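Q: Following this message is one structure expressed as C-alpha cells.
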Amino acid sequence: MASATSRLVGISTINLRRIANLVRGKQVDEAVTTLKFIPSSAAVAMGKLIESATANAQNNDLKDRATLKVIKVTADEGPKVKRMRPKARGRAGAFNRPTSHIKVTVDDSAASAAAEGGA
C-alpha cells in the first residue's frame, strides 16, 4: 500500500470530493484517463496526486502499475486564508479563501480484494 499527500491546495473540499468520488475504487490507469477529460483544477490536482502515489508504489513497494487500484481518497479542510475585497464607499469586505489537504492511497487489486473479503 502506497500513499501520497498534498497539503494546502487552494481548492475547496466540495470540488475535490466531487472528483474523488469519480476515481475512488477504479484502476489507476482508468482513473487517470477519466481525470484527463474533466475541465477542472481539482481534476488536475487529483491526477498529479494519483500519479505520485503510483510512483511511490512502483519505487518503494515494487508494485506493477497495471495491478494498482485507487483504494482511498480523502479531501479534508485546511486552514482558511483570510483576504479582503474592495466594497462601496472605500470600505473593505473580508472573505475566506478555502484550502484543502488531499490524501490518495493505492494498492494491488488482488491485495485489496483479499482485504475486503476478509473484513
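Q: Quick one: which residue in LYS63, LYS72, LYS26 is within 14 Å of VAL106 (Cβ to Cβ), among the basic types (Lys, Arg) and within 10 Å of the chain's Cα centre (by Cα)?
A: That would be LYS72, the only listed residue that is within 14 Å of VAL106 (Cβ to Cβ), among the basic types (Lys, Arg) and within 10 Å of the chain's Cα centre (by Cα).
Q: Could I ask something else about it? Give all pairs with beta carbons closer than 6 Å in which a residue from segment 24-36 that is in contact (Cβ under 8 Å) with a residue 24 or more places away in the chain meets a residue that is surrounded by 14 or more Cβ atoms within 10 Å (Cβ to Cβ) and part of a helix (DSSP H, G or I); count only pairs at least 6 apart in sequence or on separate chains.
A: These pairs meet every condition: VAL28/THR54; ALA31/VAL23; ALA31/ILE50.
Q: From the residues in segment 5-37 that are more than 21 Å from PRO98 (Cα to Cα) and aliphatic (A, V, I, L, M), which one is surrounded by the most Cβ atoms within 10 Å (Cβ to Cβ)?
A: Taking the candidates together, the pick is ALA31.
Q: Turning to a different aspect of this structure: Look at ARG91 and say whether it is out of contact with any strand residue (DSSP E or B) (no Cβ under 7 Å at 6 or more places or on another chain) and among the basic types (Lys, Arg).
A: yes
Q: Turning to a different aspect of this structure: Could you tell me whether LEU49 is assigned to a helix (DSSP H, G or I) and under 14 Å from SER3 (Cβ atoms)?
A: Taking the combined requirement at face value, the residue satisfies it.
Values in this text are rule-based calculations from the coordinates and carry no lab data. All figures in this text were calculated on a predicted structure; none of them were measured in a lab. All Cβ positions, even for glycine, are placed from backbone atoms using ideal geometry, and neighbour counts span all protein chains on display.
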